[in-house]
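Structure first, then comments.
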Amino acid sequence: MIQSRSIGKRLTLLLAAVAALLSVLSWAMVTALAREASQRTQDNVLAASATTIAETLRSEQGEVRLELPYAAFAMLGAISEDRVFYRVTAGGVTLTGYDELTPPTPGSAGQVVFETSVFRGAAIRMASLGRAVLAGDEPVLVTVTVAQTRDGVSAVADDLSSLAAMLSVAFFLLAAALSALVAYTSLKPLNEIASAVSRRGPSDLRPVVRPAPTELAPLLLALNRLMDRLRQSIRRSEDFIAEAAHRIRTPLATVRAQTEIALRMAQTDTEREHLRQIIRAVDESSRSAGQLLDHATVAYRIEDLARDTLDLATLAARTVAALEPTASMRDIRLLLKADTAWIAGDAVLLENALRNILDNAIKYSPEDTSVTLQITCDATTARLSVTDQGPGLGLAPFEPLTQRFQRGENTADIVGSGLGLTIAAEVLQAHGGRLELSNAQLKGGGACITLVLPLA
Amino acid sequence: MRYLLVEDNLELAEAVTKRLALDGHAVDHATNLAHAEDCLAAASYDLILLDVMLPDGDGRDFLARSRAHLETPVIMLTARSQVSDRVSALDQGADDYITKPFDFSELEARCRAVLRRRGGAARNEIALGPVTFDLLAGTLQRGDDTLELRSREIRLLEVFARHPSQIMSKSHLMDRLFSYDTTVTENAIEVYVGRLRRRIAPMGLRIETLRGLGYRIETGAP
C-alpha cells in the first residue's frame, strides 16, 4: 500500500502554519505601532520644546535675542533620561548651542520639521522650527533646533515589542494545540469507521452500518458495495467448487458402488482382480480430487488466518471420533492421551492437517495395532505427536515428504496423492508452528509425526 | 433394517439400494427432499442416508428444519472432502457423514457406530441356531453367555452368517474384509478365519474348511 501523509498530520501542520504566520504578523504590527507611538510622543515634546524656545525670540537693537527657558528642557527630561542638544541659528550663524548639530532644511515658516540622524555616535531625533524675526529692517530667518538621543524611546519600543513577541508565542502554542484538537475531532468519524472495519473477522463481509458524516457517506457506500461484491464472488466460487466436486464425485461413487456389487457376483479370480483395480483407480482419483480441493481451501484460508482460541485436545478428540469407524475396520485402535492445551488458530485448517496425518497413520498401520496421539506442552509450545506401528518413514531424508506430490519410498502399493503432508506442513507454518517427522524410538514403533504449535 | 436413501443420482441410488439389499436390508429411495418428506410421513426408518446437494435444496437445510421432530439417525453423503463442509453437516444435526465415493464396508461401519451410539430401537440380529448374533452391538448371545467380537470379527462372521449354507471362497472373503488399497495374501484370510474359529468355538459355532473351495459356517442347528 502506498501511504501518503496522514490527513490529521497535514491538517494540524497547515493550521499550525497559519497560526504561526498570524502570530509573526501580529508581533510585527504591534512592534511597528509601538515604535510609531513612542516616536510620535517624542516628536510632540521636541516640537513643543522648539516652539517654547522660538516664543522667546525677539529683536533688540537690530539683533536677534532669545532666552532658553528651563521648561523647554524640563519637558524633554520628563519622557526619558536621554541627552538633549540644541542649536539656534540666525541667518546661518549660530546664536547658541552646538555648532555641529546640522538642522534639517526647514519647511515653510512656523512648520516643525523632524529628522532622525546621528550625532556624536548616538542616534538622535531632531525637531527644527524656522521663524522670521525682524532685526532692524530686514527679516532674519532664525532656526531653532532641539534634538534628543533615542535610547529611552527605543527601550520603551523594545519592551513593548518583546512583550508582543511573548504574547505571539503564547498565542501560537495555543493555536497549535487547538489545531491538533480540531484535526483529531474532524477525523474521529473516519477513525471510528476504520477501526470498526479492521476489528472484523476475516470472513465477516456484512455491510458497515454506522452513522457517517456526509463527506464519508460516498466512501462508506463504495466500501459496502465492494464487500457485497466480494461476498457474492466468494459464494459463487464456493458454490462452484461444491458443484464441481458433486459432479465429479457422484459418478465416481456410482462406479465404485456398481463395481463392488459386480465383485460380489464375480465368479473367477481374474474377474475379481480387474474389478479390484477399477476400485483402486476410483479411490485414487477421488482421493486426489479431494486433496486438491482441500489444498485450494487451505491456501485460501491461510491468506486470512482466523485466530480463535482452541483447545488442541478437544480438536484432537473430535478428529479421532470422526476417524474411529475407519480405523476400527482394520482393528486399529486410536489412543488419545491429552490434557487441555490452548492454542490460537483456525479450527478447520488444524483439523484438516490432523486428519491428513491420522489418515496416513491408519493407512500405513498393520491391522490390529494402535495409533497413539499424545499432547505435551512446555512453556511456549504444544506438541501433538501421532505415532503408529507401521513401517516408519524409512531411512531417506524426511524433508522432501512434505513437498507437493512427493511420496515415501516404502509406500508400496497404498493409494495416496502425496498432498497430505504438504497440506499439514503448510497449515502449521501459517500458525507459526512446524511439522516434525521422525521414526518412533520405541520398539515396534513406526512413523512419528509431531505437530508443533505455539501456545495461546 | 430399514433405510431411507435420499439421493438424486439414480445410478448411484440403484447401486446403494442393491448393495444394502444384498445384506438383507430394506431400502426406500427418495429422489428429492419433497419425496423424502412423504416417505418420512408414511413410514419409520432405522437410518437415513441423506445427500447434501439435491435438486430442490440443500440436505443440511432440510435436516436443520426437520431435526426437531425427526428422531431417526442421519448420515450425510457429501461430495466435498473439505473439513468445513463436514463440520457444518454435524452442526446441522447429522450423526455422521461419509464422503463420496465411499467404501460400503466403511458405510456399514459408520451406520453401526451411529446406531450403537444412539442406542435406539434399531435391531440388526441374525440367528445362528441357538446363538443370536447382534450386528449393532457386535455380540454373540447364547442363553446367558455373551461374547463380544471385534470389528473385523464382526464383519467376517457377518459374511458367513448371511449365507449359512454357502461356501465362501478365500478370494470372496478377502474382498469383504480388506479395503482394496492394500494387497493381502490369502494367507492372511487363513489367519483371520483361524482366529475367528477359536473365538466362536465356545458358543458352539464351527467354521468348516473345505479344502480348495473355502469355508462354511456350521451353526450346530439341525
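Read-outs throughout are calculated quantities, based only on the coordinates presented, and are distinct from any laboratory measurement. Quantities reported herein were computed from a predicted structural model and do not represent experimental measurements. Here Cβ is always computed from backbone atoms with ideal geometry, including for glycine, and neighbour counts include all displayed protein chains.
In degrees, nearest 10, range 0 to 90: what is the angle between the Cα axis of helix A:151-198 and the longest Cα principal axis of chain A? Tilt of helix A:151-198: around 20 degrees.
Tell me whether the stretch B:125-218 comes out rounded, prolate or oblate; compute the Cα gyration tensor, take square roots of the eigenvalues as a ≥ b ≥ c, and use a/c under 1.5 as the rounded threshold.
Numbers: a/c = 1.97, a/b = 1.53, b/c = 1.29.
Here the stretch B:125-218 falls in the prolate category.
When the scattering of the stretch B:3-159 is computed by the Debye formula from its Cα atoms alone, each counted once and equally, what is log10 I(q)/I(0) at q = 0.12, 0.16, 0.18, 0.21 Å⁻¹? So the normalised log intensities are -0.54, -0.91, -1.11, -1.43.
The calculated 222 nm mean residue ellipticity attributable to helices in chain B amounts to -12500 deg cm²/dmol, summing -39500 (n - 2.57) over DSSP H runs of n ≥ 4 and dividing by all residues.
What ranking, highest mean first, results for peptides A:119-126, A:204-211, A:280-287, B:71-78 when packing means the other Cβ atoms within 10 Å averaged over each residue?
Numbers: A:119-126: 15.8, A:204-211: 11.9, A:280-287: 18.8, B:71-78: 21.8.
My ranking of the peptides, most packed first, is B:71-78, A:280-287, A:119-126, A:204-211.
Remark: spin-label model distance A:Thr185-A:Phe119 equals 5.8 nm, labels positioned 7 Å along the Cα→Cβ axis. Mean per-residue shielding of peptide B:15-21 is 4, counting Cβ atoms of other chains within 10 Å of each Cβ. Each peptide in A:59-70, B:12-23 receives the mean, over its residues, of other Cβ atoms within 10 Å, and ordering these scores from highest gives B:12-23, A:59-70. When the charge dipole of the stretch B:125-218 is built from unit charges on Cβ atoms (+1 for Lys and Arg, -1 for Asp and Glu) and taken about the Cα centre, the candidate among B:Phe160, B:Thr146, B:His172 whose Cα reaches farthest toward its positive end is B:His172.
For the stretch A:216-304, a crude dipole built from +1 on the beta carbon of Lys and Arg and -1 on the beta carbon of Asp and Glu, taken about the Cα centre, is about 260 debye to the nearest 20.
Dipole magnitude for the stretch B:125-218: computed about the Cα centre from +1 point charges on Lys and Arg Cβ and -1 point charges on Asp and Glu Cβ, it is near 280 debye.
Relative contact order of chain A: what whole-number percent is it, with Cα pairs under 8 angstrom and at least 6 residues apart?
Once divided by the residue count of chain A, the mean separation gives 11 percent.
Which of rounded, prolate, oblate describes the stretch A:313-386, given a ≥ b ≥ c as roots of the alpha-carbon gyration tensor eigenvalues and a/c under 1.5 marking rounded, otherwise prolate only if a/b is larger than b/c? Here the stretch A:313-386 falls in the prolate category.
Under the definition of Cα pairs under 8 Å and six or more residues apart, what whole-number percent is the relative contact order of the stretch A:216-304? Spell out each step's value before the answer.
Values: 20 pairs, mean separation 22.2, N = 89.
Relative contact order for the stretch A:216-304 comes out at 25 percent.
A protection proxy built from the mean count of other Cβ atoms within 10 Å ranks the segments A:358-369, B:160-171, most packed first, as A:358-369, B:160-171.
3J(HN,Hα) along the stretch B:205-212: 9, 10, 10, 9, 9, 10, 3, x Hz, from the Karplus curve 6.51 cos²θ - 1.76 cosθ + 1.60 with θ = phi - 60°, whole Hz, x for Gly and Pro.
Can you figure out the FRET efficiency of A:Thr94 with A:Glu36, using R₀ = 45 Å and their beta-carbon distance, to the nearest 0.05?
On the way: r = 33 Å, r/R0 = 0.73.
That gives a FRET efficiency of 0.85.
Shielding value for A:275-285 is 3, the average number of Cβ atoms from other chains within 10 Å of each residue's Cβ. Only Lys, Arg, Asp and Glu carry charge here, each on its Cβ (+1 for the first two, -1 for the last two); on that basis the protein assembly as shown has a dipole of about 1220 debye about its Cα centre.
With Cα atoms defining each centre, the stretch A:325-392 and the stretch A:162-202 are spaced 56 Å apart in the structure. The residue list A:Thr51, A:Leu160, A:Leu187 was ranked by how far each Cα lies along the charge dipole of chain A toward its positive end, using unit charges on Cβ atoms, and A:Leu187 comes out on top.
Each of B:Leu210, A:Pro104, B:Phe102 was scored by the projection of its Cα onto the charge dipole of the protein assembly as shown, and the greatest displacement toward the positive side belongs to B:Leu210; charges sit on the C-beta of Lys, Arg, Asp and Glu.
Other residues within the sphere of radius under 14 Å centred on the Cβ of A:Pro211, judged by their own Cβ, net out at 0 (K and R +1, D and E -1).
Counted residue by residue at 0.36 nm each, then reduced by the alpha carbon distance between them, the extension gain from A:Ala17 to A:Gln61 reaches 8.6 nm.
Give me a single rounded figure for A:259-269: the average over its residues of other chain Cβ atoms within 10 Å of their Cβ.
4
Amide H to amide H under 5 Å from B:Tyr97: which residues, 5+ apart in sequence or cross-chain, H placed 1.01 Å off N in plane? Long-range HN contacts for B:Tyr97: B:Met76.
Over the stretch B:125-218, what is the mean sequence separation of C-alpha contacts under 8 Å (at least six apart), divided by residue count, expressed as relative contact order in percent?
Numbers: 110 pairs, mean separation 21.8, N = 94.
Answer for the stretch B:125-218 is 23 percent.
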